[in-house]
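I have placed the structure first, in the form of structure tokens, so that the comments after it can refer back to it.
The values are calculated or read from the model by the stated rules, or taken from the named source; none is laboratory data. As the structure is a prediction and not an experimental result, all values here were calculated from the model. A quick note on method: Cβ atoms are made from the backbone with ideal geometry, for glycine too, and the neighbour counts reach across all protein chains shown. When the accessible area is computed, the model is the full protein with side chains, heavy atoms only, and any ligands, DNA or RNA have been set aside. Shrake-Rupley method; radii C 1.70, N 1.55, O 1.52, S 1.80 Å.
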Amino acid sequence: MANGHPTETVAHTEAPSGHEAGEATVAGIFGPGFFVALAMLLVFALAIWKKVPSAIGKSLDKKIALIREQLEEAKALRQEAEALKAEYEAKAKSADKEAKAMLKRAESDAETIVAKAAEDAEALVARRQAMAEAKIAAEERAAIDEIRATAARSAAAAAAKLIAERNDASSDKALVDKAIAGL
């Protein structure tokens, strides 16, 4: 401890500049990095020689064309769906108008039926009233006829009784002779 502070010991493991320890080199110039770069250049050259970039380009072009086709198809499907939507909206509006018209017709028909039923009921009441009045009048006529018949029978009986009391056999003979002579 110097001046009250602990002293640290540090070890350094750095290699001297130049080549790193353990790296193999060819002729002291070509290290492993050179061979990796050379292999990559060979792979790129081989890829170019075998026309890999154009094949990749063609493949990408095919993918792009396929995607464009799918986009066009999706666009057409969307337009078709929008047309169907518009058609169904129009049908829904038409159906709504038709339902309202049917409701109005039904209300009108119901009013007509109610009015006809009221007229029929009034006609029925009038017919029944006329029938009742006719029946009452017939009953009155029958009662009057019966009273007249009863009155006629009573009058005939009273007249016969009066005639029988006032007339005797000799006056009857004179009346019969007079009636015969009148014929």
Quick test of your reading of the structure: GLU165 fulfils all but one of (1) more than 30 Å from VAL176 (Cα to Cα); (2) loosely packed, with under 10 Cβ neighbours inside 10 Å. Name the failing condition by number. (1)
Just a yes or no: is a residue in region 140-158 of a type outside the set (A, V, I, L, M), outside any helix (DSSP H, G or I) and open to solvent by less than 90 Å² (accessible area, probe 1.4 Å)? no
